[in-house]
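Engineer: Supplied in structure tokens, the structure appears directly below.
The values are calculated or read from the model by the stated rules, or taken from the named source; none is laboratory data. All of these numbers come straight from a predicted model, not from anything done at the bench. In this analysis, Cβ positions are derived from the backbone assuming ideal geometry, glycine residues included, and neighbour counts consider all displayed protein chains.
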Amino acid sequence: MGVVEIQEALRTARERNLDLVQVTEKVEPPVCKIVDYGKYLYQEQRKEKTTAKTHSDLKGIRLGFKISPHDLEIKAKLAEKFLKKGHKVRVELVLKGREKALADIARGKISQFLEFLNNVIPIKVERELKREARGFTVIVFKA
């Protein structure tokens with residue numbers, strides 16, 4: 001419609017049985033729409049829900065069975081960044097083929113990683129070490 005006086009905009013909204021909604025107040029003159037207010041609120045809530053789903057509190061770190069101690073330290077520093085930002089970290093050790101038979105060694109690798117991580121930043125375990133189809137997982141957060 002362009003720039004319109006507020007009285008004229010309100011009259012037009014009443015004629016159409018709609019509401020005059022201020023979209024933003026940061027500009028001069030303020031930007032307004034003539035819409036159904038209930039429908040407008042519904043659309044805004046849907047926008048918030050879709051943006052909230054894209055941001056995750058759970059970050060993942062994936063370790064391999066043959067990972068070296070130095071690489072464990074590098075991954076621990078990456079996990080430290082996530083923890084400092086307030087995210088929880090899911091540590092996953094993937095086992096392939098015959099590696100699945102060596103579960104005790106895999107548990108040792110994850111405990112070694114958690115020790116490195118605990119030396120860097122104090123952590124607490126949210127979900128204990130759990131055996132899954134593809135390997136082991138544990139979820140930790142900043143203490």
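Engineer: Determine whether TYR42 is of a type outside the set (Val, Ile, Thr), at pLDDT 90 or above and more than 30 Å from ARG98 (Cα to Cα).
Structural biologist: yes
Engineer: I need a count of the residues in the stretch 47-68 that are at pLDDT 90 or above and either loosely packed, with under 12 Cβ neighbours inside 10 Å or within 29 Å of MET1 (Cβ to Cβ) (or both).
Structural biologist: Going through the stretch 47-68 one residue at a time, the tally reaches 2.
Engineer: Looking at VAL23, is it of a type outside the set (S, T, N, Q), more than 21 Å from LEU95 (Cβ to Cβ) and touching a Lys or Arg at 6+ places or on another chain (Cβ under 6 Å)?
Structural biologist: Yes: the conditions hold for VAL23.
Engineer: Examine the stretch 103-123 for a residue that is part of a strand (DSSP E or B), in contact (Cβ under 8 Å) with a residue 12 or more places away in the chain and either outside the structural domain of LYS85 (by TED's automatic domain parsing) or in contact with a Lys or Arg (Cβ under 7 Å, 6 or more places away or on another chain) (or both), and state whether such a residue exists.
Structural biologist: Yes; the residues of the stretch 103-123 include at least one that is part of a strand (DSSP E or B), in contact (Cβ under 8 Å) with a residue 12 or more places away in the chain and either outside the structural domain of LYS85 (by TED's automatic domain parsing) or in contact with a Lys or Arg (Cβ under 7 Å, 6 or more places away or on another chain) (or both).
Engineer: Could I ask something else about it? Could you please find all residues in the stretch 78-96 being part of a strand (DSSP E or B) and either outside the structural domain of ILE110 (by TED's automatic domain parsing) or buried (at least 20 other Cβ atoms within 10 Å of the Cβ) (or both)?
Structural biologist: Across the stretch 78-96, the qualifying residues are VAL89, VAL91, LEU93.
Engineer: Please find, among GLU92, GLU73, GLU80, the residue that is in contact with a helix residue (DSSP H, G or I) (Cβ under 7 Å, 6 or more places away or on another chain), at pLDDT 90 or above and farther than 14 Å from ILE123 by Cβ.
Structural biologist: Matching residue, one of GLU92, GLU73, GLU80: GLU73.
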